[in-house]
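The values are calculated or read from the model by the stated rules, or taken from the named source; none is laboratory data. What you are looking at is a predicted structure, and each value in this text was computed from that prediction instead of being measured. Ideal geometry is used to build each Cβ from the backbone, glycine not excepted, and the neighbour counts take in all protein chains shown. These area figures cover heavy atoms from the full protein model, side chains too; ligands, DNA and RNA do not enter into them. Shrake-Rupley method; radii C 1.70, N 1.55, O 1.52, S 1.80 Å.
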Amino acid sequence: MRVIKHLCLGAAALAIGMGSALAADKPTLKIGYVNGWDDSVAVTHVAGEILQSKLGYTVELKPVEPAIMWQGVARGDLDATLSAWLPATHGEYFEKLKDKVEILGTNYSGAKIGLIVPDYVEAKTIEDLEKYAKDFDGKITGIDAGAGVMRRTEDAIKEYNLASIKLMPSSGPAMATALTRAEKAQKPIVVTGWIPHWMFAKWKLRFLEDPKKVFGDDERVDTVANPELKDKAADAAAFLSKISWSGEEVGAVMLAIREGAKPDQAAKDWIAANPERVESWLK
(Lines give C-alpha, C1' and ligand atoms only; values in the text may rest on other atoms or scores of the structure.)
Protein backbone atom coordinates (compact mmCIF):
# COMPACT_ATOMS: atom_id res chain seq x y z
CA MET A 1 0.00 0.00 0.00
CA ARG A 2 2.89 2.36 0.82
CA VAL A 3 4.36 1.78 -2.64
CA ILE A 4 1.01 2.51 -4.30
CA LYS A 5 0.56 5.60 -2.14
CA HIS A 6 3.99 6.92 -3.06
CA LEU A 7 3.35 6.19 -6.73
CA CYS A 8 0.05 8.12 -6.60
CA LEU A 9 1.66 11.05 -4.82
CA GLY A 10 4.49 11.02 -7.33
CA ALA A 11 2.04 11.03 -10.24
CA ALA A 12 0.08 13.90 -8.68
CA ALA A 13 3.25 15.91 -8.15
CA LEU A 14 4.29 15.25 -11.73
CA ALA A 15 0.89 16.43 -13.01
CA ILE A 16 1.09 19.60 -10.95
CA GLY A 17 4.62 20.19 -12.15
CA MET A 18 3.61 19.68 -15.77
CA GLY A 19 0.66 22.06 -15.33
CA SER A 20 2.90 24.72 -13.85
CA ALA A 21 5.40 24.24 -16.66
CA LEU A 22 2.67 24.58 -19.27
CA ALA A 23 1.38 27.76 -17.62
CA ALA A 24 4.90 29.10 -17.41
CA ASP A 25 5.38 28.41 -21.11
CA LYS A 26 2.41 30.60 -22.03
CA PRO A 27 3.38 34.14 -23.03
CA THR A 28 2.10 37.23 -21.27
CA LEU A 29 -0.61 38.82 -23.37
CA LYS A 30 -0.98 42.59 -23.62
CA ILE A 31 -4.44 43.87 -24.46
CA GLY A 32 -5.05 47.52 -25.24
CA TYR A 33 -8.25 49.43 -24.61
CA VAL A 34 -9.41 53.02 -25.00
CA ASN A 35 -8.76 55.00 -21.86
CA GLY A 36 -12.03 56.36 -20.47
CA TRP A 37 -14.42 54.49 -22.80
CA ASP A 38 -16.80 52.50 -20.59
CA ASP A 39 -17.65 49.85 -23.17
CA SER A 40 -13.95 49.36 -23.92
CA VAL A 41 -13.18 48.95 -20.21
CA ALA A 42 -16.02 46.42 -19.80
CA VAL A 43 -15.27 44.11 -22.73
CA THR A 44 -11.52 44.20 -22.15
CA HIS A 45 -11.75 43.26 -18.47
CA VAL A 46 -14.17 40.43 -19.23
CA ALA A 47 -11.91 39.08 -21.97
CA GLY A 48 -8.82 39.52 -19.82
CA GLU A 49 -10.37 37.65 -16.90
CA ILE A 50 -11.38 34.74 -19.17
CA LEU A 51 -7.89 34.58 -20.68
CA GLN A 52 -6.45 34.38 -17.18
CA SER A 53 -8.95 32.19 -15.30
CA LYS A 54 -10.03 29.85 -18.11
CA LEU A 55 -6.99 29.70 -20.42
CA GLY A 56 -4.15 30.23 -17.96
CA TYR A 57 -2.51 33.32 -19.45
CA THR A 58 -0.95 36.20 -17.61
CA VAL A 59 -2.65 39.28 -19.03
CA GLU A 60 -1.69 42.94 -18.91
CA LEU A 61 -4.46 45.41 -19.74
CA LYS A 62 -3.20 48.71 -21.14
CA PRO A 63 -5.40 51.85 -21.13
CA VAL A 64 -4.26 54.05 -24.03
CA GLU A 65 -5.51 56.60 -26.52
CA PRO A 66 -6.96 55.22 -29.79
CA ALA A 67 -3.99 56.16 -32.02
CA ILE A 68 -1.51 54.58 -29.61
CA MET A 69 -3.72 51.49 -29.32
CA TRP A 70 -3.77 50.90 -33.08
CA GLN A 71 -0.06 51.59 -33.46
CA GLY A 72 0.69 49.28 -30.54
CA VAL A 73 -1.20 46.37 -32.11
CA ALA A 74 0.44 46.99 -35.49
CA ARG A 75 3.95 47.02 -33.96
CA GLY A 76 3.31 44.08 -31.65
CA ASP A 77 3.68 46.14 -28.48
CA LEU A 78 0.07 45.10 -27.89
CA ASP A 79 -1.20 41.66 -28.86
CA ALA A 80 -4.80 42.72 -29.44
CA THR A 81 -7.62 45.13 -28.73
CA LEU A 82 -11.36 44.55 -28.46
CA SER A 83 -12.08 48.22 -29.09
CA ALA A 84 -11.78 48.79 -32.84
CA TRP A 85 -14.77 50.89 -33.91
CA LEU A 86 -15.28 50.38 -37.66
CA PRO A 87 -15.79 51.40 -40.35
CA ALA A 88 -16.06 55.10 -39.40
CA THR A 89 -14.76 56.02 -35.95
CA HIS A 90 -11.40 54.26 -36.26
CA GLY A 91 -11.49 54.05 -40.04
CA GLU A 92 -8.49 56.33 -40.53
CA TYR A 93 -6.33 54.18 -38.25
CA PHE A 94 -7.42 50.99 -39.98
CA GLU A 95 -6.68 52.33 -43.45
CA LYS A 96 -3.15 53.27 -42.41
CA LEU A 97 -2.40 50.02 -40.58
CA LYS A 98 -4.62 47.36 -42.20
CA ASP A 99 -1.63 45.49 -43.62
CA LYS A 100 -0.12 45.18 -40.15
CA VAL A 101 -3.16 44.04 -38.16
CA GLU A 102 -5.75 41.28 -38.41
CA ILE A 103 -9.47 41.49 -37.64
CA LEU A 104 -10.37 38.42 -35.58
CA GLY A 105 -14.09 39.07 -35.33
CA THR A 106 -16.88 41.43 -34.25
CA ASN A 107 -17.60 41.54 -30.52
CA TYR A 108 -20.48 44.05 -30.73
CA SER A 109 -22.83 44.84 -33.62
CA GLY A 110 -25.01 47.91 -33.96
CA ALA A 111 -22.58 50.37 -32.42
CA LYS A 112 -23.23 54.01 -33.19
CA ILE A 113 -21.72 57.45 -32.62
CA GLY A 114 -23.39 60.82 -32.85
CA LEU A 115 -24.97 63.68 -30.94
CA ILE A 116 -27.17 62.61 -28.04
CA VAL A 117 -29.87 64.47 -26.12
CA PRO A 118 -32.26 63.57 -23.29
CA ASP A 119 -35.69 62.64 -24.61
CA TYR A 120 -37.24 65.79 -23.09
CA VAL A 121 -35.16 68.04 -25.41
CA GLU A 122 -37.13 69.67 -28.23
CA ALA A 123 -34.45 69.38 -30.92
CA LYS A 124 -34.96 66.34 -33.14
CA THR A 125 -32.22 66.76 -35.75
CA ILE A 126 -28.68 68.09 -35.75
CA GLU A 127 -29.86 71.01 -37.84
CA ASP A 128 -32.30 71.93 -35.03
CA LEU A 129 -29.37 72.80 -32.77
CA GLU A 130 -29.04 76.18 -34.47
CA LYS A 131 -32.70 76.95 -33.74
CA TYR A 132 -32.39 75.94 -30.08
CA ALA A 133 -28.81 77.18 -29.54
CA LYS A 134 -29.73 79.32 -26.53
CA ASP A 135 -31.24 76.30 -24.77
CA PHE A 136 -27.84 74.59 -24.94
CA ASP A 137 -25.81 77.71 -24.07
CA GLY A 138 -24.45 77.49 -27.60
CA LYS A 139 -22.36 74.41 -26.89
CA ILE A 140 -22.01 70.71 -27.46
CA THR A 141 -20.35 68.92 -24.54
CA GLY A 142 -17.67 66.70 -26.03
CA ILE A 143 -15.11 64.15 -24.89
CA ASP A 144 -11.37 63.95 -25.59
CA ALA A 145 -10.12 66.23 -28.37
CA GLY A 146 -9.08 64.14 -31.37
CA ALA A 147 -11.53 61.29 -30.70
CA GLY A 148 -13.38 60.03 -33.78
CA VAL A 149 -16.75 61.31 -32.60
CA MET A 150 -15.18 64.72 -31.96
CA ARG A 151 -13.78 64.97 -35.47
CA ARG A 152 -17.17 63.98 -36.90
CA THR A 153 -18.88 66.59 -34.72
CA GLU A 154 -16.60 69.29 -36.09
CA ASP A 155 -17.63 68.15 -39.58
CA ALA A 156 -21.30 68.22 -38.56
CA ILE A 157 -21.03 71.82 -37.32
CA LYS A 158 -19.79 72.81 -40.78
CA GLU A 159 -22.17 70.59 -42.77
CA TYR A 160 -25.26 71.79 -40.89
CA ASN A 161 -24.11 75.43 -40.67
CA LEU A 162 -24.29 75.54 -36.87
CA ALA A 163 -22.84 79.04 -36.60
CA SER A 164 -24.10 79.54 -33.03
CA ILE A 165 -22.76 76.24 -31.69
CA LYS A 166 -19.29 75.44 -30.36
CA LEU A 167 -17.84 72.02 -29.55
CA MET A 168 -16.34 71.94 -26.05
CA PRO A 169 -13.74 69.17 -25.50
CA SER A 170 -13.63 67.48 -22.09
CA SER A 171 -13.42 63.74 -21.38
CA GLY A 172 -15.72 60.73 -21.25
CA PRO A 173 -16.24 61.00 -17.46
CA ALA A 174 -16.68 64.80 -17.63
CA MET A 175 -19.28 64.44 -20.36
CA ALA A 176 -21.15 61.87 -18.24
CA THR A 177 -21.03 64.19 -15.22
CA ALA A 178 -22.46 67.07 -17.26
CA LEU A 179 -25.24 64.81 -18.54
CA THR A 180 -26.00 63.61 -15.01
CA ARG A 181 -26.40 67.19 -13.78
CA ALA A 182 -28.57 68.16 -16.75
CA GLU A 183 -30.82 65.13 -16.28
CA LYS A 184 -31.22 65.86 -12.58
CA ALA A 185 -32.26 69.45 -13.34
CA GLN A 186 -34.15 68.48 -16.51
CA LYS A 187 -32.10 71.01 -18.45
CA PRO A 188 -31.37 70.75 -22.20
CA ILE A 189 -27.95 69.38 -23.11
CA VAL A 190 -26.35 67.87 -26.18
CA VAL A 191 -23.32 65.60 -25.87
CA THR A 192 -21.08 63.62 -28.15
CA GLY A 193 -21.66 59.98 -27.44
CA TRP A 194 -22.04 56.42 -28.54
CA ILE A 195 -23.78 53.16 -27.92
CA PRO A 196 -23.03 50.80 -26.20
CA HIS A 197 -22.86 53.00 -23.12
CA TRP A 198 -24.27 52.68 -19.61
CA MET A 199 -26.05 56.03 -19.91
CA PHE A 200 -28.66 54.49 -22.23
CA ALA A 201 -29.57 52.04 -19.46
CA LYS A 202 -29.82 54.84 -16.90
CA TRP A 203 -31.77 57.53 -18.81
CA LYS A 204 -34.11 57.91 -21.76
CA LEU A 205 -31.84 59.31 -24.46
CA ARG A 206 -31.85 59.52 -28.23
CA PHE A 207 -29.53 60.39 -31.08
CA LEU A 208 -30.27 63.56 -33.02
CA GLU A 209 -31.24 62.65 -36.57
CA ASP A 210 -28.38 62.97 -39.04
CA PRO A 211 -29.90 63.02 -42.55
CA LYS A 212 -26.58 64.00 -44.12
CA LYS A 213 -24.93 60.91 -42.56
CA VAL A 214 -22.01 62.92 -41.20
CA PHE A 215 -21.62 60.35 -38.42
CA GLY A 216 -22.11 57.46 -40.83
CA ASP A 217 -24.30 54.41 -40.45
CA ASP A 218 -24.30 51.96 -37.57
CA GLU A 219 -20.88 50.60 -36.77
CA ARG A 220 -19.42 47.52 -35.20
CA VAL A 221 -16.79 46.96 -32.55
CA ASP A 222 -14.15 44.54 -33.80
CA THR A 223 -11.44 42.55 -32.10
CA VAL A 224 -8.15 43.30 -33.84
CA ALA A 225 -4.87 41.50 -33.23
CA ASN A 226 -1.26 41.55 -34.26
CA PRO A 227 -0.88 38.86 -36.97
CA GLU A 228 1.63 36.98 -34.82
CA LEU A 229 -0.91 36.27 -32.08
CA LYS A 230 -2.27 33.12 -33.75
CA ASP A 231 1.19 31.53 -33.63
CA LYS A 232 2.04 32.99 -30.26
CA ALA A 233 -1.19 31.96 -28.49
CA ALA A 234 -3.51 29.98 -30.73
CA ASP A 235 -6.17 29.22 -28.10
CA ALA A 236 -6.25 32.85 -27.00
CA ALA A 237 -6.69 34.02 -30.59
CA ALA A 238 -9.49 31.47 -31.10
CA PHE A 239 -11.32 32.71 -28.01
CA LEU A 240 -10.89 36.36 -28.96
CA SER A 241 -12.32 35.62 -32.41
CA LYS A 242 -15.52 34.21 -30.82
CA ILE A 243 -16.31 36.69 -28.06
CA SER A 244 -19.47 38.61 -28.99
CA TRP A 245 -22.25 40.00 -26.83
CA SER A 246 -25.37 42.12 -26.75
CA GLY A 247 -26.03 45.64 -25.54
CA GLU A 248 -27.77 44.26 -22.44
CA GLU A 249 -24.77 42.10 -21.58
CA VAL A 250 -22.13 44.78 -21.96
CA GLY A 251 -24.52 47.25 -20.32
CA ALA A 252 -24.70 45.10 -17.19
CA VAL A 253 -20.93 45.23 -16.75
CA MET A 254 -20.75 48.96 -17.51
CA LEU A 255 -23.47 49.78 -15.00
CA ALA A 256 -21.81 47.67 -12.30
CA ILE A 257 -18.59 49.62 -12.79
CA ARG A 258 -20.45 52.92 -12.89
CA GLU A 259 -22.13 52.06 -9.58
CA GLY A 260 -18.82 51.48 -7.85
CA ALA A 261 -17.53 48.01 -8.67
CA LYS A 262 -13.90 47.70 -9.71
CA PRO A 263 -13.66 46.69 -13.40
CA ASP A 264 -11.94 43.38 -12.61
CA GLN A 265 -14.56 42.49 -10.00
CA ALA A 266 -17.44 43.47 -12.30
CA ALA A 267 -15.91 41.19 -14.94
CA LYS A 268 -15.58 38.27 -12.50
CA ASP A 269 -19.16 38.70 -11.31
CA TRP A 270 -20.52 38.74 -14.86
CA ILE A 271 -18.49 35.67 -15.83
CA ALA A 272 -19.73 33.79 -12.75
CA ALA A 273 -23.34 34.70 -13.57
CA ASN A 274 -23.07 33.71 -17.26
CA PRO A 275 -21.14 30.39 -17.42
CA GLU A 276 -22.92 29.09 -20.51
CA ARG A 277 -22.26 32.27 -22.46
CA VAL A 278 -18.59 32.16 -21.54
CA GLU A 279 -18.37 28.48 -22.42
CA SER A 280 -19.76 29.17 -25.89
CA TRP A 281 -16.81 31.47 -26.55
CA LEU A 282 -14.32 28.83 -25.47
CA LYS A 283 -15.58 25.94 -27.62
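Phi-derived couplings, Karplus 6.51 cos²θ - 1.76 cosθ + 1.60 at θ = phi - 60°, listed residue by residue for segment 51-62: 4, 7, 7, 9, 10, x, 8, 8, 10, 10, 9, 10 Hz, with x used for Gly and Pro. 3J(HN,Hα) couplings calculated from phi for segment 193-209 with the Karplus curve 6.51 cos²θ - 1.76 cosθ + 1.60 (θ = phi - 60°) are, in sequence order, x, 7, 10, x, 7, 4, 5, 6, 7, 8, 10, 8, 10, 8, 7, 5, 4 Hz; Gly and Pro show x. With 23 Å as the cut-off, how large is the P(r) tail for the chain, expressed as percent of Cα-Cα pairs? The share of Cα pairs beyond 23 Å in the chain comes to 57 percent. In loop segments of segment 93-122 as defined by DSSP, the trypsin sites (Lys or Arg not before Pro) with at most 16 further C-beta atoms inside 10 Å of their C-beta are Lys98, Lys100.
Placing unit charges on the Cβ atoms only, positive for Lys and Arg and negative for Asp and Glu, gives segment 111-205 a dipole magnitude near 240 debye about its Cα centre. Only Cα pairs under 8 Å and 6+ residues apart enter the sum, and on that basis the relative contact order of the chain stands at 27 percent. Dipole of the chain computed with +1 at Lys/Arg Cβ and -1 at Asp/Glu Cβ about the Cα centre; of Gly56, Val43, Ile195, farthest Cα towards the positive end is Gly56. Around the amide H of Ala84, modelled in the peptide plane, lie the amide H atoms of Asp222, Val224, all under 5 Å away and 5 or more residues distant in sequence or on another chain.
With a 1.4 Å probe and all protein chains left in place, how much of the accessible area of the chain comes from carbon and sulfur atoms, in whole percent?
Carbon-and-sulfur percentage of accessible area, whole number: 52.
For the chain, DSSP calls about 60 percent of its internal beta bridges antiparallel. Here segment 22-131 is described by how far its Cα atoms reach on the three principal axes: 64, 30, 21 Å, from widest to narrowest.
Within segment 111-205, antiparallel bridges make up roughly 60 percent of the DSSP beta bridges whose residues both belong there.
Restricting attention to segment 81-122, which chymotrypsin sites (Phe, Trp or Tyr not before Pro) occupy a DSSP loop and are surrounded by at most 13 other Cβ atoms within 10 Å? Intermediate results must be reported in sequence, preceding the final value.
Numbers: sites: Trp85, Tyr93, Phe94, Tyr108, Tyr120; in loops: Tyr120.
Those that pass, being in a loop and sparsely packed, are Tyr120.
Between the helical axis of 66-75 and the longest alpha-carbon principal axis of the chain there is an angle of about 40 degrees.
Please identify the GluC sites (Glu not before Pro) of segment 167-261 that satisfy two criteria: DSSP loop assignment and at most 11 other Cβ atoms within 10 Å. Which are they?
Numbers: sites: Glu183, Glu209, Glu219, Glu228, Glu248, Glu249, Glu259; in loops: Glu228, Glu259.
Taking segment 167-261 and a limit of 11 other Cβ atoms within 10 Å, the loop GluC sites (Glu not before Pro) found are Glu259.
Each Cα pair under 8 Å and six or more residues apart adds its sequence gap; the mean of these over the residue count of segment 111-205 is a relative contact order of 47 percent.
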